[in-house]
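Quick notes on the structure that follows.
The values are calculated or read from the model by the stated rules, or taken from the named source; none is laboratory data. Quick caveat, the model's predicted, so the values are computed rather than measured. All Cβ positions, glycine included, derive from the backbone under ideal geometry; neighbour counts span all protein chains shown.
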């Protein structure tokens, strides 16, 4: 009963908060991009909340429970590099454009309404599938926790986030995302530390995982590689999977519409860089704690359904108050992703697909109608489509790595890409990924782990961009707009340099802390048990390399941030000659 009350109260709370945020909406710019005045903490909150959903808490933690916690850490170490990469090579230039949506940016960059419409259409289709997956995850959780029918949960979840988006737009999404970020961060840290402590600390967990025989190898860096239930046949295959999918998701974090569009709301480019670095740190801490916790749940019960393992722990292991926090946190993660995706779909439909409005009032009305229509379609699909949360989410997200990734990067850094090249890159990358993924799913095609459909479709997109750009010419408008994006804005640096430098230094220190933590709490403990359990030397060495690798990514990200700030500061004599605040 207490879980039902907590979930229902959280829905009411988010609805009220979203509507309160709507009081600040005075015009279209406020509705679509929160007035372009969001501070670092709000951008951090919406970035993390947009990325982490029920798929992360249930699906990815379930994969760790299944036998692959440290493969997921390899994945996370590589993928989180996309946060700063995206901010440096794409996000800060996107912020300069003054666009209302990312497809609109592509339209401006290539002086082409067709490119904008194609990007908008891929946004609607891809995020529609993603929205479907996270809605179903939230509906499943609601049904399990309250005992009410699945469809009731879907309708209530849909009504909550659609209601405040219709009224408040981006400010409502941003504010509720940030509150949800705080809640599920506390839930992740609190739940993880309780479980680890309950099982005898880090040493007790590692020892317990080495002793248990149901999932041999789960305590080693490569996870379970023996037996009929193993997802990988060798340690090398597990490593290649983690690195390959990590690179794919780095591209997703760098260029996907639900991540990069958050930068359009930032107060300035310093906020873009600060929030990106802090997001990388937050995700690194989340994965370090949650993946180890997912594996540790096996010491309670190794026969659970993987995607429901965290729910089981919250209901059966944790104190009631902490279980409520955990489950409302997981629920909040799903709800935040739903609100983000629906808002982007609706905004893109009204701004990038439908004809332009004659005045601001009609544009606002059109945006709200688009959000409502898109939400209703998503609700109907979620009601009648069988749930498949993690597979749908991962498939939908990777569509943007192959279609948007190459075009986003080249739109900033290539002088040769043309509007035709961008159009064909978007279409071929998107359609190629869909076709290859469906063929693999239907077992018409078998690919080795290092030839993921995303990688092949990205190569196809690059070929399409190159060929189409060779037979067309870059227009003067395209060239001029690219030059505008690379203009140095001295005023944007004033008064913000010192704070950004400090955040970059803190990011570096967090990388050191994460590396030391994994070295002492995993690798060193594993080495201590090496003789007792006759562990191969490669397993112990892999543990140390894992600690170094996971700590290196935030360290490198922070170092790059320091270098960028120093370089830009040195280029502006007016700022370099006076102390920063």
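Below, the figures for the structure above:
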quantity: Set 471, 427, 463: member being within 21 Å of residue 129 (Cα to Cα) and either touching a strand residue (DSSP E or B) at 6+ places or on another chain (Cβ under 6 Å) or surrounded by fewer than 18 Cβ atoms within 10 Å (Cβ to Cβ) (or both); calculated: 427
quantity: Cβ pairs under 9 Å, 6+ apart, first in the stretch 319-334 and closer than 12 Å to residue 57 by Cβ, second modelled with pLDDT under 85 and assigned to a loop (DSSP other than H, G, I, E, B); calculated: 333/52; 333/53; 334/53
quantity: Any hit, the stretch 281-300, residues being part of a helix (DSSP H, G or I) and more than 28 Å from residue 538 (Cα to Cα); calculated: yes
quantity: Residue in the stretch 491-501 that is under 30 Å from residue 267 (Cα atoms), out of contact with any helix residue (DSSP H, G or I) (no Cβ under 7 Å at 6 or more places or on another chain), modelled with pLDDT under 90 and not in a helix (DSSP H, G or I) present; calculated: yes
quantity: The one condition in (1) more than 12 Å from residue 280 (Cβ to Cβ); (2) crowded, with 20+ Cβ neighbours inside 10 Å; (3) at pLDDT 90 or above that residue 510 fails to fulfil; calculated: (1)
quantity: One residue from 318, 327, 383 being at pLDDT 85 or above and either surrounded by fewer than 16 Cβ atoms within 10 Å (Cβ to Cβ) or under 25 Å from residue 296 (Cβ atoms) (or both); calculated: 318
quantity: Lone qualifier among 71, 33 - being in contact with a helix residue (DSSP H, G or I) (Cβ under 6 Å, 6 or more places away or on another chain), crowded, with 24+ Cβ neighbours inside 10 Å, at pLDDT 90 or above and not in a loop (DSSP other than H, G, I, E, B); calculated: 71
quantity: From the options 373, 313, 392, residue that is modelled with pLDDT of 80 or more, surrounded by fewer than 24 Cβ atoms within 10 Å (Cβ to Cβ) and either more than 22 Å from residue 113 (Cα to Cα) or over 24 Å from the mean Cα position of the chain (by Cα) (or both); calculated: 373
quantity: Complete set of residues in the stretch 508-531 that are assigned to a loop (DSSP other than H, G, I, E, B) and without any contact (Cβ under 8 Å) to a residue 24 or more places away in the chain; calculated: 530, 531
quantity: Condition check for residue 86: in contact with a strand residue (DSSP E or B) (Cβ under 9 Å, 6 or more places away or on another chain), farther than 24 Å from residue 475 by Cβ, in contact (Cβ under 8 Å) with a residue 60 or more places away in the chain and assigned to a helix (DSSP H, G or I); calculated: no
quantity: Wholly within the stretch 162-260, helices (runs of 4 or more DSSP H) carrying at least 1 residues that are in contact with a helix residue (DSSP H, G or I) (Cβ under 6 Å, 6 or more places away or on another chain) and farther than 21 Å from residue 66 by Cα; calculated: 170-198, 235-255, 257-260
quantity: Some residue of the stretch 122-141 being over 19 Å from the mean Cα position of the chain (by Cα), in contact (Cβ under 8 Å) with a residue 12 or more places away in the chain, buried (at least 24 other Cβ atoms within 10 Å of the Cβ) and under 21 Å from residue 339 (Cβ atoms); calculated: yes
quantity: Failed item in (1) within 27 Å of residue 350 (Cβ to Cβ); (2) surrounded by fewer than 24 Cβ atoms within 10 Å (Cβ to Cβ), with residue 185 passing the rest; calculated: (1)
quantity: Counted residues, the stretch 261-280 - those being under 25 Å from residue 552 (Cβ atoms) and not in a helix (DSSP H, G or I); calculated: 0
quantity: Selected residue (criterion: modelled with the highest pLDDT) from residues of the stretch 474-488 that are in a loop (DSSP other than H, G, I, E, B) and exposed (fewer than 14 other Cβ atoms within 10 Å of the Cβ); calculated: 486
quantity: Residue check for residue 157: more than 23 Å from the chain's Cα centre (by Cα), buried (at least 22 other Cβ atoms within 10 Å of the Cβ), in contact (Cβ under 8 Å) with a residue 12 or more places away in the chain and over 29 Å from residue 408 (Cβ atoms); calculated: no
quantity: Residue match in the stretch 163-182 (condition: touching a residue at least 40 places away in the same chain (Cβ under 8 Å), within 30 Å of residue 472 (Cβ to Cβ) and crowded, with 24+ Cβ neighbours inside 10 Å); calculated: no
quantity: Output for the stretch 100-121, where each listed residue is in a helix (DSSP H, G or I) and surrounded by fewer than 23 Cβ atoms within 10 Å (Cβ to Cβ); calculated: 104, 108, 113, 114, 117, 121
